[in-house]
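Every number here is computed from the coordinates shown, using simple stated rules; none is lab data. Keep in mind the model is a prediction, meaning the values are calculated, not measured. For neighbour counting, all protein chains shown are included, and Cβ atoms are generated from backbone atoms with ideal geometry for every residue, glycine included.
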Amino acid sequence: MTTHDVFNQVPELVGHDTAEDLALLDGLVREGAGWATEEVHRLGRLSGSAEAQEWGRLANEHPPVLRTHDRYGHRIDTVEFHPAWHELMRTAVTHGLHAAVWADDREGAHVARAAKFYTWRAEAGHGCPVSMTYAAIPALRQSPELAGQYEPLLSAGSYDFGLRAPLTKTGLLAGMSMTEKQGGSDVRANTTRAQPHADGSYRLTGHKWFTSAPMCDVFLTLAQAPEGLSCFLVPRVLPDGTLNPLRLMRLKDKLGNKSNASSEVEYENAVAWRVGDEGRGVRTIIEMVNMTRLDCVIGAASGMRQGVVTATHHAVHRQAFGKYLVDQPLMRNVLADLAVESEAATVLMLRLAGATDRSVRGDASETVFKRLALAVSKYWVCKRWPAHTAEALECLGGNGYVEESGMPRLFRESPLMSIWEGSGNVAALDVLRAMAKEPQAVEAFFTEVSAATGADARLDDAVRRLRAELADLEDIEMRARRIVERMALVLQGSLLVRYGHPAVTDAFCASRLGGDWGHALGTLPSGVDLAAIIARATPKVN
């Protein structure tokens, strides 16, 4: 007998264009990359397809497997991936999400790359090797001879998986290997040793506690050389085709990011080439860290957009108590608040991408602005993502707690961006350090936010209060998170006042800057245009 009919269930969110995002598209043009709009849409249509979403599901349900030895007992130190992982990687590389931008001299190239990285959200784990490859180039350029050899292959649009001599491949991926058991973020506590050899190479002996994407072709690694902590390029395979002795000890069993292999590595006299000056390893690799921090902000903004789009799609199709959820007043407040948080993150990440693009092209003022704004944004946007995802998941009720909805995977992913490249305290203290060492960065920050002076009294008042707080140096380290949060909100508010949709801007300034804000999402004050805000976050499914 038929026990029931299935009705009032939400259709699959497939067949939509993840680039149909007005904050994204407006920013793409504003930051000088309007020429990339059609390519961003092509990737967005693929990202929203059933095929790409299936790749993401399979890559996570079939995580990578470590094979340390072959059947005869030889060390092979390889990681096997599901075919879906390779489809995700191939798509990312062929669309230039990795280092291709460094070979592109068009204005706005880094903005276009950021938009594509944001749009391609079929699965988050494979973004790790993609991001590290993007970030490796500025550090590698500090050794022009090495850059001349490896940069063309790192920027090539070919995904060439497998352990072979790097310079024999058609395309390369780069990783970074810094942290050790005893140090974590305190890399100066590293004990891995680097012994120089007469041919200019070094031999590395030691360990690394957290090396993600161990199947990358080369790694930027920190080790203690005779003159102090230094940066090295370490290939997985040597020029003669033999494996460099980087022993993969085990893969990490992580909260999320399951599709991406993260490993513990032992260096047994591994061959390496120095990048940058000996004893200047932190200064050398910080160029890579700053680029991956940008991708942390992009990734968090993308995750927020995915969460709010999923929530609004559910609310548009699901009924409760005689109304669609999207017509329930309190749910409308929650959805609108999620959309406001998401758009503020998107506008900010595009401004940072634009600053990066102009900085790369020699704009000194943008370089100074980016130094402080990126650290501020890394702290706040990445810190907001987990709370945002939890609320978006709750919009789906019990259905959101079930793996098939995709929301648990998004939720598990959300803390990572706040941890990677410096957790909250590290990022907040980096802001204080930047302000102390580079006062011109503070001036650049206030020049930026003052561009909106007079447009909104709530923003003007928030800027005045922030200046007063920064003038008080007593217990400033203890207050670092409070200060950085206010800096982020003021920066987001200034961008929305200048470029945002009026309804989104009003809601943001009333709640985040005007003080009419509860402790949870979904506490926007009366009078804001909830319908206009929600409409901007509702996906159009074919």
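Exposure proxy ranking for His41, His519, His313, based on other Cβ atoms within 10 angstrom of each Cβ and starting from the fewest, stands as His519, His41, His313.
For Cα extents along the principal axes in Å, the value computed from the atomic coordinates appears in the list (i) 92, 66, 39; (ii) 78, 73, 49; (iii) 74, 73, 42 under label (iii). Tell me the relative contact order for the chain as a rounded percent, counting alpha carbon contacts under 8 Å between residues six or more apart. Dividing the mean separation by the residue count of the chain yields 14 percent. Legend: ranking of residues Thr3, Thr94, Thr168, Thr538 from fewest to most surrounding C-beta atoms inside 10 Å; resulting order Thr3, Thr168, Thr94, Thr538. Amide H of Val237: which non-local residues (sequence gap of 5 or more, or other chain) have their own amide H closer than 5 Å, using H built in the peptide plane? Amide H neighbours of Val237: Asn244.
Which of Val326, Ile285, Leu350 sits closest to the plus end of the dipole of the range 283-535, meaning its Cα is farthest towards the positive end, when Lys and Arg get +1 and Asp and Glu get -1 on the C-beta? Result: Ile285. In the structure shown, the pairs Lys252/Lys540; Lys258/Lys383; Lys169/Lys383; Lys383/Lys437 are assessed against 31 Å; a Cα-Cα span above that value is assigned to Lys252/Lys540; Lys169/Lys383.
Look at the dipole of the chain built from charges on Cβ: of Phe210, Ser526, Ala92, the Cα furthest out on the positive end belongs to Phe210.
Relative to the Cα centre, the charge distribution of the chain, modelled as +1 at Lys and Arg Cβ and -1 at Asp and Glu Cβ, gives a dipole magnitude of about 640 debye. The modelled label-to-label distance for the pair Ser158/Thr523, using points 7 Å beyond Cα in the direction of Cβ, is 5.6 nm. Only lysines eight or more places from Lys254 in sequence, or on another chain, were considered; those with a Cα closer than 17 Å are Lys181, Lys208. Amide H contacts for Thr179 (H built 1.01 Å from N in the peptide plane; partners 5 or more residues away or on another chain; cut-off under 5 Å): Trp209, Phe210. If one computes the Cα centroid of the range 315-360 and of the range 261-311, what distance in Å separates the two points? Taking the Cα centre of each part, the range 315-360 and the range 261-311 sit 27 Å apart.
Counted residue by residue at 0.36 nm each, then reduced by the alpha carbon distance between them, the extension gain from Ala457 to Arg250 reaches 69.0 nm. Among the trypsin sites (Lys or Arg not before Pro) in the range 25-101, those located in a DSSP loop and surrounded by at most 15 other Cβ atoms within 10 Å of their own Cβ are Arg71. Simple spin-label estimate for Ser450 and Thr242 gives 6.3 nm between the two label positions (7 Å along the Cα-to-Cβ direction from each Cα). Among the GluC sites (Glu not before Pro) in the range 56-155, those located in a DSSP loop and surrounded by at most 16 other Cβ atoms within 10 Å of their own Cβ are Glu107.
For the range 152-180 versus the range 19-85, the spacing of their alpha-carbon centroids is 17 Å. Rounded to the nearest 20 debye, the dipole size of the range 56-98 about its Cα centre is 40 debye, using +1 on the Cβ of Lys and Arg and -1 on the Cβ of Asp and Glu.
Panel order for Leu429, Leu153, by other beta carbons found within 10 Å of each beta carbon, from fewest to most: Leu429, Leu153. Overall shape of the range 283-535 was characterised from the C-alpha gyration tensor. The equivalent ellipsoid obtained from it has semi-axes of 32, 21, 16 Å, in decreasing order.
Across the range 320-327, coupling constants 3J(HN,Hα) worked out from phi with the 6.51/-1.76/1.60 Karplus curve, θ = phi - 60°, read 8, 6, x, 9, 5, 4, 5, 9 Hz, and Gly and Pro carry x.
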